[in-house]
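For reference, the structure is listed below as structure tokens.
The values are calculated or read from the model by the stated rules, or taken from the named source; none is laboratory data. Only a predicted model underlies this, so the values are computations on that prediction, with no experimental measurement involved. Don't worry about glycine lacking a Cβ; one is built from the backbone with ideal geometry, like all the others, and counts go over all protein chains shown. What goes into the accessible areas is simple: the full protein's heavy atoms, side chains included, and nothing from ligands, DNA or RNA. Shrake-Rupley method; radii C 1.70, N 1.55, O 1.52, S 1.80 Å.
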Amino acid sequence: MIRFTTSKTDNDFYEIIALQKENLSKNLSESELKSQGFVTVIHELEDLQKMDTHEHNLVAKEDDKIVGYILAMTQQSKADIPVLVPMFNNFEQIIYKGKIIAEHNFIVVGQVCIQKDYRGKGLFDEVYNAYKKQFFNKYDFAITSIATTNQRSINAHKRVGFVELHSFTDPDNTEWSIVAWDWK
């Protein structure tokens, strides 16, 4: 039975990092990239510990093993992960509901990942519903960016309720879609 909780220990962070490594784009074949999706960022233990001081990550566990997670980031984390700086910079320029995104009260999905054996069983949607339940009363919406080459992730986010607000190309020539899930 899968239960949803928050990351609490260094062991939880190590399990998140291990799941990241299994799904990092550079560690997957071309066919896996297309069929399974991927993550772009690998975090260090210190990154996750620092992010955790602002908000706790949501994890899905079966028998005390993490089988999925959604990282929670706030604006306080915007300079902590260099590859995410362009996304946060865009938040200073994009208008959403009449004001720039950075002026809103939002939570950033730092990353979402489901262990391969648990995909296609509804866990992605369940973990996002638990994420919303965790943060609904504190934030107005969740926002993230997805590499446009990651069609599995883009389609899954649309299914949950995310809509595209903006797209941009980063300094490494990767095209990204900024998507938000409005909770109000």
Per-region count, the stretch 88-116, residues within 19 Å of the chain's Cα centre (by Cα) and of a type in the set (D, E, K, R): 1
Single residue of 66, 17, 70, 2 found to be more than 21 Å from residue 153 (Cα to Cα), of a type in the set (A, V, I, L, M) and modelled with pLDDT of 95 or more: 2
Every pair of residues 6+ apart whose Cβ atoms lie under 9 Å, when the first sits in the stretch 87-101 and is modelled with pLDDT under 95 and part of a helix (DSSP H, G or I) while the second is open to solvent by less than 30 Å² (accessible area, probe 1.4 Å) and among the acidic types (Asp, Glu): 87/170
Whichever residue in the stretch 1-56 is among the β-branched types (Val, Ile, Thr) and part of a loop (DSSP other than H, G, I, E, B) and, among such residues, is least open to solvent (accessible area, probe 1.4 Å): 41
Residue that is farthest from residue 16 (Cα to Cα), among those in the stretch 66-119 that are surrounded by fewer than 20 Cβ atoms within 10 Å (Cβ to Cβ) and polar (S, T, N, Q): 93
Residue match in the stretch 152-159 (condition: in a loop (DSSP other than H, G, I, E, B), of a type outside the set (Phe, Trp, Tyr), surrounded by 14 or more Cβ atoms within 10 Å (Cβ to Cβ) and in contact with a helix residue (DSSP H, G or I) (Cβ under 8 Å, 6 or more places away or on another chain)): no
Exclusive hit being surrounded by fewer than 17 Cβ atoms within 10 Å (Cβ to Cβ), outside any strand (DSSP E or B) and in contact with a helix residue (DSSP H, G or I) (Cβ under 9 Å, 6 or more places away or on another chain), set 129, 137: 129
Single residue of the stretch 160-184 satisfying the filter (acidic (Asp, Glu) and under 20 Å from residue 82 (Cβ atoms)) that is least open to solvent (accessible area, probe 1.4 Å): 170
